[in-house]
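S.K.: Sharing a structure, written as C-alpha cells. Questions coming.
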Amino acid sequence: MRPYGALIAAIAIAAPLPAGAQLSSPLGNPSESQIGKPAKVDHLQLNPSPDLAGTCHPTRVRFNGSIHATGPLTVTYQWVRSDNKRTDGTINFELASSRALSVDWNLTTSYTGWMQLVVVSPKRMESPKVHFRVNCG
C-alpha cells in the first residue's frame with residue numbers, strides 16, 4: 001500500500017490549487033534560493049575576543065567565527081594573519097544555515113597582531129580585524 005500512497009500524494013500536489021490556497025511542506029518554509037534567488041553568504045562574524053591558553057610554551061590564541069549562507073552554496077574562505085600567513089578553507093552548505101569556524105595560532109614569544117576572517121567566494125566579504133597581544137615577559 002505504501003507505493004500507492006506516494007503516487008496519490010504526487011497526484012494531489014500536481015492538481016491545481018483553489019484560489020488563495022497555499023502549499024505547506026514538512027520541510028518548513030523554502031529558503032530564498034529555493035524560490036528563484038541565488039544563495040549567498042549574508043553574514044560573516046569573527047568573535048572580537050580570542051581565547052588565550054598556555055604560558056608561552058606555546059600560548060594558543062584561538063579565534064572563533066561563523067559564516068551564514070541563505071541556501072545551498074560552496075564557500076571558500078581564509079583566515080588572514082598580521083604576519084601575512086593565510087589558512088584556506090571550504091564549506092559546503094546544503095541548506096540555509098550557519099557554520100562555526102575556529103583557528104589556532106600558537107606563539108612562543110611576545111607578539112602583538114591581528115586575525116581576520118575573509119570569504120573569498122562566491123563574493124568577497126571581510127570581517128573586522130581582531131587585534132590581540134601575547135606577553136611572554
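Here, each number is a calculation from the coordinates, and none is a lab measurement. For clarity, every value in this text was computed on a predicted model and none was experimentally measured. Virtual Cβ from ideal backbone geometry, glycine too; neighbours counted across all protein chains shown.
S.K.: Label points 7 Å out from Cα along the Cβ direction at Asn135 and Arg99: separation in nm?
M.R.: It works out to 3.8 nm between the two label points.
S.K.: Next up: Pulled fully out, how much extra length does the chain show between Asn64 and Thr109, if you take 0.36 nm times their separation in residues and subtract their Cα-Cα distance?
M.R.: Details: separation 45, 0.36 × 45 = 16.20 nm, distance 2.21 nm.
Result: 14.0 nm gained on full extension.
S.K.: Be a star and scan segment 79-106 for residues whose amide nitrogen sits under 15 Å from the point 7 Å along the Cα-to-Cβ vector of Ala53.
M.R.: It comes to 102-106, nothing else.
S.K.: Which whole-Hz couplings ³J(HN,Hα) result when phi for each residue of segment 38-50 is put into the Karplus expression 6.51 cos²θ - 1.76 cosθ + 1.60, θ = phi - 60°, listed in order with x for Gly and Pro?
M.R.: Couplings: x, 5, 8, 7, 10, 7, 9, 9, 10, 4, x, 10, x Hz.
S.K.: Could you tally the net charge around Ser102, taking each other residue with its Cβ under 13 Å from the Cβ of Ser102, Lys/Arg +1 and Asp/Glu -1? Walk me through the intermediate numbers first.
M.R.: Details: positive: Arg60, Arg62, Arg99; negative: Asp51, Asp104.
That works out to +1.
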